[in-house]
1. Among the residues of the stretch 53-109, how many are assigned to a strand (DSSP E or B), modelled with pLDDT of 85 or more and of a type outside the set (A, V, I, L, M, F, W, C)?
2. Looking at MET250, MET209, MET215 in this structure, which one is within 21 Å of GLU108 (Cα to Cα) and among the aliphatic types (A, V, I, L, M)?
3. Could you list, ordered by first residue, the pairs with Cβ atoms under 8 Å in which the first is in the stretch 199-226 and within 20 Å of ASN88 (Cα to Cα) and the second is hydroxyl-bearing (Ser, Thr, Tyr), at least 6 apart or interchain?
4. Only one of (1) at pLDDT 75 or above; (2) surrounded by fewer than 15 Cβ atoms within 10 Å (Cβ to Cβ); (3) within 18 Å of the chain's Cα centre (by Cα) is not met by SER214, so which one is it?
5. Could you check, for the stretch 230-240, whether at least one of its residues is touching a His at 6+ places or on another chain (Cβ under 9 Å) and at pLDDT 80 or above?
6. Just need a number here: residues in the stretch 193-203 that are hydrophobic (A, V, I, L, M, F, W, C) and crowded, with 19+ Cβ neighbours inside 10 Å.
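The values are calculated or read from the model by the stated rules, or taken from the named source; none is laboratory data. No experiment lies behind these values; they were computed from the predicted model shown. Methodologically, a virtual Cβ is constructed for each residue, glycine included, from the backbone with ideal geometry; neighbour enumeration extends over all protein chains shown.
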Amino acid sequence: MEVFLNPDAWVALLTLTFLEIILGIDNIIFISIVTGKLPPEKRKKATQIGLFLAMFMRIALLFGITLLIKMKEPLFSLDWGWFTAHFNGQALILLSGGIFLIYKSTKEIHEKVDHKGEEEKDLKTSAAKSFGNVIFQILLIDLIFSVDSILTAVGMTNGLEGALYIMVTAVVISVGVMMLFAVPVGTFVNNNPSIQILGLAFLILIGFMLITESMHLSEAVLVGQTVGAVPKAYLYFAIAFSLAVEFLNMKMRKKKK
């Protein structure tokens, strides 16, 4: 295609693909925890089906990009004196996504810490019913994360000829990479309970970040203070630091054994 004869298009494609993969790390952590409720033989199938359907959903969102851009217009406002905000479509998606992540992660931590025995006992009887639910949750969380990454992609490719083709190619490549690594990462997470709890804690942080970003987009003012978005660099540094410490702990535990 002629669009890929332009060097700027290749730079944009490589940058977008890298960005999609980095943002997809959150997705992989969530998928590994959700599919961990299924029997081992069904986890790979659920992961691949979920990511495959999520890829088409992202492409559909790209074609409906004008709708996403229009979602910046305020839908309704709140003015309670101590709290004011003007909510638009983007903000509502991020807000609901943040609340869902915090609720889901807290529920999973509670089950694993307090009811692990019951969860393992009920796993076989609920496996058939939960397969479709797992696919739905993968699609739902991908939708939440897609909004932010797609809007970033639009900003990066703005003005480039054939920007839509570049974005679709980046999505296909990044989902392909996620399919390759999602299963081994999921197996590693599910085989190490401490990493699993750490991953759930990360998802709570990400949920909080989505809520603050939603408030920032809504120009929210809380007790006279403007609510700002949490810089993603702070979050990813905290995640990387925590993982590094946990890997050192795992190495020390193996040496002791």
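1. Residues meeting the conditions: 4.
2. None of the others qualify; the one that does is MET209.
3. Close Cβ pairs (under 8 Å, with a partner that is hydroxyl-bearing (Ser, Thr, Tyr)) amount to GLY207/SER105; GLU219/THR226; ALA220/THR84; ALA220/THR226; VAL221/THR84.
4. (2)
5. No, the stretch 230-240 contains no residue that is touching a His at 6+ places or on another chain (Cβ under 9 Å) and at pLDDT 80 or above.
6. Residues in the stretch 193-203 being hydrophobic (A, V, I, L, M, F, W, C) and crowded, with 19+ Cβ neighbours inside 10 Å: 4 in total.
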